[in-house]
Every structure is written in structure tokens, then in C-alpha cells.
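No lab work stands behind these numbers, since they all come straight from the coordinates. What you see is a predicted model; the values in this text were computed from it and never measured. Glycine gets a Cβ as well: all are built from the backbone with ideal geometry, and neighbour counts include every protein chain shown.
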Amino acid sequence: MTVTERPAARAATPSGELLRRRGREKRPVWEEEPGKVGQGIKGITLTGVCLAILGPLWVVVVTSLSDQKTITEAGGLVIVPKTITFRAYTELLSGGTVTRATLVSLALTAVGTAISTAVSVLCAYGLSRSGSFLHRPILMLLLVTMFFNAGLIPTYLLVTGVGLEGSYWSMILPSAISVFNVLVLRAFFQDTAPELVDSARIDGAGEWRILFQIVMPLSRAVIAVVSLFYAVGYWSQWFNAMLYLNDQQMWPLQMILRQLVIKQQAPQGMSQMISTQQIPSLAVQMAVMVLALIPVAVLYPFVQKHFTKGMLIGAVKG
Amino acid sequence: MDHGRLQGLRPVHPGAVGPAPGVGFENFTLLFQDSRFWDAFANTLSITFIQLVLFFPVPVALALLLNSVLSDRLRGLVQSILYLPHFFSWVLVITIFQQMLGGAGLLAQQLRSHGYEGFDLMTDPGVFKFLVTAQLVWKDAGWGVIVFLAALSAVNQDLYEAAAVDGAGRWRRMWHVTLPALRPVIALLLVLRVGDALTVGFEQILLQRDAVGPGASEVFDTYVWWVGIANTDYGIAAAGGLIKGVFSLVLVLIANKVAHMLGEQGVYRK
């Protein structure tokens, strides 16, 4: 997660109740009708903002689907599609560097997200029961890391020192827990129906049972959002790969993308394909970009409706 | 300062974590003598300043704009689009910018095909600080809207009605009702941003360091990376990292104090 999310969630809103949109489709009687000019400016601004986000994506997707002739005619990037061909994708995904990198990224994301979510839920649940073992000191320890950290070098020395260099665990373990996510979960768990938890306890349910059968099902939305954040984090990772994975064969997709587009060099095993012009190299670059974009675009709609809830509710109490 | 000379002054190798002979504050002295450290420091602060001015107000403005859209469906659609880029990796965002504004990018390509001179914003050190700000706006300004929208939806609607009945127009209602409601959130985010003054998009800038050159793009974090990882001079780099950690902590505490003095909530209260 990037730094900017932290403030977003900590910003206080009085209570969950008020977060609901007021959903006023009609203009209240006391509000004056907006002027034509004002409405026009608003519309143009909103359209412009949306185009600024979607336009580049459109160009990238269309170019990745174009053949060499269209790309040459357009002088590079294609805005209006003429022919649609999936050649770049079939070439890239029929084995070789990009196929492997995509699988590596998918696997890392799946395993990493599972581990991170599991550990965070357990940690948050433990910390949400006041009076649990070393509850205060552990919470303090977690909080300190949000305000102070010693920086890149000690982390690097630690990870290499325990021998994770060159192993995929170096992509997962150092970032397995985000304190921020734990705090969001904890605040949410604290709020879930105490009377349900109490009655379950009277009926003889243990902590595991309470967590799995009561608290977790009630917190599905927030757990979904937290998992999405973890998944996006793992999918986007390249820096840890650069630090710890020296073998290009092990690189995830983001590193291939960086090499291919930002550095404009063909990664190992791809140079031949590009130099022999089996497929237009611009379309290949765009196709790799689209591959990096697809999982996000696929997951996004499912979780999007929970954002506000997951980000804001309870996070205040930290 | 010449990094060939710096290299190996304090050779601690990975794996050799553990008690090493102490060198007192030598690493700090060397750090402070390195002019590139001070350049990185200056770059960091100026990027932070540019982003405070050019990035910070954007989510507020977008939230006000969105809040004035009556149709729930339209607002929802725009929100979905706005939040999307936040979930893209920095590698992807920079490749997208490169394809749009770079030397072989769409804009240069269109200009050339209409007989104008092409250009390459991505490798121009002069505009780099604004370029990274533009990238940040593209990626995260939409996401920043969430928190302001939530604060706006918590405003008691009766206040608007009362103000309107008292004769306050659209702008005066915004000034006297909406903005005061946003003030605690704005104060909080400002505190956090100032506390993070030394952190400016490490991954984002590191990805573009080669293209632009360290002169314009070196910031605190990339300097630590360059000295420590690229030149394996762990001692000096770790000193730099530690200074940043302490400095940031102090900044948060001060900013929080200032927020309290202005009567705002800030990050925490004793």
C-alpha cells in the first residue's frame, strides 16, 4: 500500500451510520436551479477527468490488438482500431518469458494474499479482544512501526541475512503484514455484534469457533477489501524482485514490463522473438501492459462497492 | 562527491549482521559531507512542496464537484472510474505516461504527424518534478476523493437549508457550511503529509531515475538506495535512513501539535 491510503482511512467520520449516501435524487426546494453555464462547465470537467483516465487505457488496448500494418500507418500508437488481431497475446502466452512471468505473478499474488489475509485476520482478532495475551504491548509495537522505521538498508540486511535472497519468500514475508490493514480489521471486529459473541460464548463456543463462524462471516466486506489491497500489493511488486531476485528467470511480470517498456530492452528469452519481427514490438509492449492490467480490472468491480465501508468504518479508533 | 571513493569505506556485508566494531558518528559525518545527499534533500523538499500545492487541493475539488452531482448513478460511475488508477502498479502508470508523453508517445507522435516538433517530457530534467506530480494526480487524486466524500455526506443537510433560507447563495453555503465541515479532514491529511515530507514516491522516482538522471530526480529514498544497495555502502546509507526516520517522527509530532493549537483533531490526542 502506498502512503496516501493511510490518511484516507484515518480521517475521522463521526460514525458508520452517517456514511451512507443521502441518495437525494431530487433537488430540495430551497436550492436554486443551477445556471446553464455552471452545468456546462461541470459536465465538461467531469468528462475531461474520465477521458484523462480512460483515454490512455483505450489507446494501449487498441494498439495491443492491432497488426503491424495499422501500427505503421498510424505512425505508432493506434487510436482508431482497424483490424483486430490477438497475435501479440497468443505469441506471448504460448510459453516463454512472459508466460512464465505471468504465472509467477499470479502464484505470488495468490499465495501472498492468502498468507497475508490469514495472518492479518488472526492478528486483528487477537488484538480486538481486550485482555488477550500481551494485548497492549503488541498493539503498541505495531503502532510504532507506523510512525517510525529505520529504512531500506536494515530491511535489506535482515532479509538477505536470514537467507531469503533468491527465494520467492523474499517477495512475500517482508510485506506479509500491513499494520494499517490489521488496524482496520481490528476496529471492525471490535464492532461486530458483541451480544452475538457473548451468547456464543455462553453456549460454549471457543475463540476459533467465534472467529470462524461469527466474526468472519459478519466481516466479509471488510475482509474482501483488505484482501484486495494485499492482492494489488503483491501483483504490483517489482522492487523486492529487483532487490532479492537476481535470476531473470524468476522475475514477476512487473519486472518484465519495466525491462521491456521503461528500459526498452528485451528481457532474456524475448530478444529473439522481437528481433525476428514475428510480432510488432509495439504491440508486444502494449500487450504486456494489458496483461499487467487485466487482473486489477477483473477484481476491481467485485470489491469496489465496499471501498468506503472498508476504508472508513471504525478505522478512526485505530 | 565521488562514489567510487565512498564505496567500501565501511564494508559491512549482508550476512554480517551483528555486532561490528563501532565507528562512532563517522558515517553521519561522511553523509553530511556528501553534496549529493544535500541535493537529494533539496529535491525531496521541493517535490513535497509542489505536491502540497498542486496535488493536495485536487481531491477536495473533485469531491466538491462530485458531491454536486445529483444523480446517484452518474456519481457512482464517475467514482468507479476515478478510483481505478489507484490500483495500478507504478510500473504500469509510468509505462502509460511514457506511451502518452514520452519521445515516442502519442502526443509527440500526433504533433509530428501534423508537422510540429516532437518532444519528450519523460527525460526532461526541467519538468521532472511536475511530471511526478502529474503522475501522482493521475494515479491517486481520485482515490483521495473517498475520504472527502464521506465527510461531505456526514454534513447535516439542515444546515444548508437554514443557510439558504437566511439568504446564503451557492458559494456562501460552500464557504460557510461545506468547507468548515471538511476542515478537520483537511487538517488531518495536511498533518500526515507534512509528517511524510521526506517521503516522495520512492518506487515511482526510482523507476525514472535512469531516464531523467539523478540531478533532478534524486530524492532521499533513492539516495539511500543508490549509496546502500547500488554501491553497497551500508553504513552511510543506513545513517541516511535513520536520519529520515527520526526527522519524520519529529515532523509528525510538530505538525500534530500545530493542528491542536489551531483547534483541530490531528492524528492523535493524549
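A few remarks follow.
- Residue identified as more than 14 Å from chain B (Cβ to nearest Cβ), surrounded by 18 or more Cβ atoms within 10 Å (Cβ to Cβ) and either over 28 Å from A:S167 (Cα atoms) or out of contact with any helix residue (DSSP H, G or I) (no Cβ under 8 Å at 6 or more places or on another chain) (or both) among A:L92, A:L127, A:L77, A:L103: A:L127
- Residue match in segment A:122-135 (condition: closer than 25 Å to A:L253 by Cβ and touching a residue at least 12 places away in the same chain (Cβ under 8 Å)): no
- Scan segment B:63-104 for residues that are in a helix (DSSP H, G or I) and either touching a Lys or Arg at 6+ places or on another chain (Cβ under 9 Å) or under 30 Å from A:L291 (Cβ atoms) (or both) and the total you get is 29.
- Every residue from segment A:25-47 that is under 33 Å from the mean Cα position of the chain (by Cα) and exposed (fewer than 11 other Cβ atoms within 10 Å of the Cβ): A:E25, A:I44
- Of all the listed residues (B:F56, B:F128, B:F88, B:F41), the sole one being buried (at least 22 other Cβ atoms within 10 Å of the Cβ) and more than 9 Å from chain A (Cβ to nearest Cβ) is B:F128.
- Restricting A:F86, A:F133, A:F147, A:F189 to residues that are surrounded by 19 or more Cβ atoms within 10 Å (Cβ to Cβ) and out of contact with any His (no Cβ under 8 Å at 6 or more places or on another chain) narrows the list to A:F189.
- Selection of segment B:158-172 for residues being assigned to a loop (DSSP other than H, G, I, E, B) and within 9 Å of another protein chain (Cβ to nearest Cβ) yields only B:G169.
- Residue count for segment A:248-266 satisfying the condition of being without any contact (Cβ under 8 Å) to a residue 12 or more places away in the chain, more than 7 Å from chain B (Cβ to nearest Cβ) and part of a helix (DSSP H, G or I): 1.
- Criterion (within 8 Å of chain A (Cβ to nearest Cβ) and not hydroxyl-bearing (S, T, Y)) met by exactly one of B:V147, B:V191, B:V155, B:V137: B:V147
- Among residues of segment A:156-180 being of a type in the set (S, T, N, Q) and over 28 Å from A:V222 (Cβ atoms), the one that is farthest from the other protein chains (Cβ to nearest Cβ) is A:S167.
- Among (1) aliphatic (A, V, I, L, M); (2) more than 9 Å from every other protein chain (Cβ to nearest Cβ); (3) closer than 23 Å to B:F130 by Cα - the single one B:V23 does not satisfy: (3)
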